[in-house]
């Protein structure tokens, strides 16, 4: 069923956005040290910091990422109170981010300010970015800047990779866990000349054992083998800056039944997904006037995603091309006034072949989706002093499918005193849905999948946040309180409720909204020990047959993290506890014996993780455990003994699929790499 596709793809990228990298973020030392004659001042760097601009966001650096296993992007938000990462089904291992109570399709994913992982890449994208490759992550909430496009509805997540121009060196990381998952990572960079640097990032992972702890006949998690490579370049001469790179990923994902039941007339239910992904980007920037912050830049990013997926006798195949280009100009008009303006171009092409029934005698349906969207934007920022920032942006785009649309954005920041900062945001976001491509993992369900006509999704997001810095003794209590409201004029819904043996995907203009309230606080109780507590409340509704709470969405989440590092920085211990609130299950069906297929709601559950790290001069050893409460969803696959029936469903996932997982790893630093 699977096919090999190692076809070369020639991707020309001729220019791109100037990437003004913050030199202060290049070093990933967990300690900073400055010599003042005979005085040495040592301080622990914060794992997260609040973004300084008008947008409400945080920067997550490597200090924070190293507090947990963080094998990939999907495991990087364990200690973060704002971002949830959940499994979407118990058969394929697909995961998605939730931000402001809504699924990850409404979060614009970026890699160094370039849109990433669109369309068919979305269900498994969180596993495509190895944790050791990341220098940091920036999470912006609400309507974000218009610079990167029109798709941001609940926020943006921008991934920063390690940089070729950083201090020369290399890092080797080896990881293994009790689920028979092994990983090896290597990153290294070279300064070929004072003006030219190169970097190679390599990742390999393999899960080589079968696990079926709940004895339902299905693998608890798919077996994944992945090879991931990336080569990055940086050059600078005078006022000219260049960044460019190539990337390749090959992944085999295998799941399903371990063996057929003795009386089963049909073969073993298998899931197999083979993916080849190629990417290339180039960025060119020229600083016109450093004193006035004037620069011009261009960026082109291209990705080719080739996937062959089989879900039982259902099939989904696609070869997908995503192209992105941007031309921009930025300048400080006067001392307090900044203007950024530019042009964007998006092109998405998907050649899809699929069979949505378990009948291999039927031919594949062909469906080609193509959309080209070009637009222009302007963003004005007024900063009269350090206490006030006003930022307004407007962009207009024209889609080859949906015509012309406008997306305005507004951000205000006001700090009346050093102790408090207010931020207000409002804006519109739109996105073009690709129903089957973005949700092809739903083919693993036995339900009949129905897809209605697609229309452009559109929503308004408004938010208010307040950050407090309260002196307490000789320390500072950092507190954040925020509220966001998202309302859709049109939304793509996955309807589990209308019929128990059907899954319907359609665009609805019925009422659909999300209210999110969050409060979090961080306090260093004593030297080296930091405590963070957070609570978030979600109220998410959509109109199906009637207005209902969105299914499989927790109403609240509480989080408590504790981190301690010894005075000399040799030992570090981290503990994270989550309390995930209950939520609504989809409408159930009645079994022949008169009992419902599942309960109307699912319960609250706790999740606990811990890690201990020993730091040495050139390496670190870490050992930890996840889901130490050993809470698992008992029936993660409905009617697992009847995988060819319409009632078979692995998508009713609301809790962890695996019990206690123990892991260990080692990081070795060569040269100056940290």
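The values are calculated or read from the model by the stated rules, or taken from the named source; none is laboratory data. Please read all numbers here as calculations on a predicted model, not as lab measurements. Here Cβ is always computed from backbone atoms with ideal geometry, including for glycine, and neighbour counts include all displayed protein chains.
Assigned to a strand (DSSP E or B) and surrounded by 17 or more Cβ atoms within 10 Å (Cβ to Cβ): does that describe residue 486? Before you say what the answer is, go through the steps one by one.
On the way: assigned to a strand (DSSP E or B): yes; surrounded by 17 or more Cβ atoms within 10 Å (Cβ to Cβ): yes.
So residue 486 passes the test.
Considering every residue within the stretch 662-671, establish whether at least one is more than 20 Å from residue 85 (Cα to Cα) and modelled with pLDDT under 90.
Going through the stretch 662-671, the residues more than 20 Å from residue 85 (Cα to Cα) turn out to be 664-671.
Among the residues that remain, those that are also modelled with pLDDT under 90 are: 670-671.
Among the residues of the stretch 662-671, at least one is more than 20 Å from residue 85 (Cα to Cα) and modelled with pLDDT under 90, which makes the answer yes.
Based on what the data block shows, is residue 126 under 23 Å from residue 87 (Cβ atoms) and part of a loop (DSSP other than H, G, I, E, B)? First the steps, then the outcome.
Details: under 23 Å from residue 87 (Cβ atoms): yes; part of a loop (DSSP other than H, G, I, E, B): no.
No.
Here is a yes/no grid of residues against (1) under 29 Å from residue 469 (Cα atoms); (2) touching a residue at least 60 places away in the same chain (Cβ under 8 Å):
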residue: 397; (1), (2): no, yes
residue: 400; (1), (2): no, no
residue: 403; (1), (2): no, no
residue: 412; (1), (2): yes, yes
residue: 417; (1), (2): yes, no
residue: 424; (1), (2): yes, no
residue: 427; (1), (2): yes, yes
residue: 430; (1), (2): no, yes
residue: 433; (1), (2): no, yes
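With a requirement of 3 or more residues that are at pLDDT 95 or above, out of contact with any strand residue (DSSP E or B) (no Cβ under 7 Å at 6 or more places or on another chain) and closer than 29 Å to residue 113 by Cα, none of the strands (runs of 3 or more DSSP E) lying completely within the stretch 237-337 satisfies it. Candidates are the residues of the stretch 188-211 that are outside any strand (DSSP E or B) and within 28 Å of the chain's Cα centre (by Cα); the one that is surrounded by the most Cβ atoms within 10 Å (Cβ to Cβ) is 211. Filtered by the rule that a residue be surrounded by fewer than 17 Cβ atoms within 10 Å (Cβ to Cβ) and in contact with a strand residue (DSSP E or B) (Cβ under 7 Å, 6 or more places away or on another chain), the stretch 391-416 gives 394, 396, 398, 400, 401, 404, 406, 408, 410, 412, 414.
For the stretch 215-229, which positions are part of a strand (DSSP E or B) and within 17 Å of residue 649 (Cβ to Cβ)? Result: 218, single match.
Check whether at least one residue in the stretch 214-229 is under 24 Å from residue 373 (Cα atoms) and either in contact with a strand residue (DSSP E or B) (Cβ under 9 Å, 6 or more places away or on another chain) or surrounded by fewer than 22 Cβ atoms within 10 Å (Cβ to Cβ) (or both), and report yes or no. No, every residue in the stretch 214-229 fails to be under 24 Å from residue 373 (Cα atoms) and either in contact with a strand residue (DSSP E or B) (Cβ under 9 Å, 6 or more places away or on another chain) or surrounded by fewer than 22 Cβ atoms within 10 Å (Cβ to Cβ) (or both).
Beta carbons closer than 7 Å, at least 6 apart along the sequence or on distinct chains, pair a first residue in the stretch 178-195 that is free of Cβ contacts under 8 Å to residues at least 12 places away in the same chain with a second that is surrounded by fewer than 19 Cβ atoms within 10 Å (Cβ to Cβ) for 192/198.
Only one of 362, 345, 419 is over 30 Å from residue 476 (Cβ atoms), over 26 Å from the mean Cα position of the chain (by Cα) and surrounded by fewer than 20 Cβ atoms within 10 Å (Cβ to Cβ); which? Explain how you work it out, then say what you get.
On the way: 345 fails: over 26 Å from the mean Cα position of the chain (by Cα); 419 fails: over 30 Å from residue 476 (Cβ atoms).
It is 362.
No other residue among 552, 531 is without any contact (Cβ under 8 Å) to a residue 60 or more places away in the chain, closer than 27 Å to residue 659 by Cα and in contact with a strand residue (DSSP E or B) (Cβ under 9 Å, 6 or more places away or on another chain) apart from 531. May I ask you to list the residues in the stretch 582-629 that are in contact (Cβ under 8 Å) with a residue 12 or more places away in the chain, more than 30 Å from residue 177 (Cα to Cα) and either in contact with a strand residue (DSSP E or B) (Cβ under 8 Å, 6 or more places away or on another chain) or surrounded by 14 or more Cβ atoms within 10 Å (Cβ to Cβ) (or both)? Answer for the stretch 582-629, where residues must be in contact (Cβ under 8 Å) with a residue 12 or more places away in the chain, more than 30 Å from residue 177 (Cα to Cα) and either in contact with a strand residue (DSSP E or B) (Cβ under 8 Å, 6 or more places away or on another chain) or surrounded by 14 or more Cβ atoms within 10 Å (Cβ to Cβ) (or both): 583, 584, 585, 586, 587, 588, 589, 597, 598, 600, 601. Among the residues of the stretch 443-455, those that are within 27 Å of the chain's Cα centre (by Cα), crowded, with 18+ Cβ neighbours inside 10 Å and either modelled with pLDDT of 95 or more or not in a strand (DSSP E or B) (or both) comprise 443, 444, 445, 454.
Report the residue count in the stretch 506-530 for those that are over 21 Å from residue 462 (Cβ atoms) and surrounded by fewer than 16 Cβ atoms within 10 Å (Cβ to Cβ). Explain how you work it out, then say what you get.
Of the residues in the stretch 506-530, the ones over 21 Å from residue 462 (Cβ atoms) are 506-508, 521-530.
Pick out the ones that are also surrounded by fewer than 16 Cβ atoms within 10 Å (Cβ to Cβ) and you get 525-527, 529.
Within the stretch 506-530, residues that are over 21 Å from residue 462 (Cβ atoms) and surrounded by fewer than 16 Cβ atoms within 10 Å (Cβ to Cβ) number 4.
With within 23 Å of the chain's Cα centre (by Cα) and at pLDDT 90 or above as the only criterion, which of 608, 628 stands out? Steps first, answer last, please.
Working: 628 fails: within 23 Å of the chain's Cα centre (by Cα).
From the options 608, 628, the qualifying one is 608.
All conditions but one from (1) modelled with pLDDT under 95; (2) touching a strand residue (DSSP E or B) at 6+ places or on another chain (Cβ under 7 Å); (3) crowded, with 19+ Cβ neighbours inside 10 Å; (4) more than 15 Å from residue 540 (Cβ to Cβ) apply to residue 501; the one that does not is (3).
Apart from one condition, residue 90 fits all of (1) surrounded by 24 or more Cβ atoms within 10 Å (Cβ to Cβ); (2) touching a residue at least 40 places away in the same chain (Cβ under 8 Å); (3) touching a strand residue (DSSP E or B) at 6+ places or on another chain (Cβ under 7 Å); the exception is (3).
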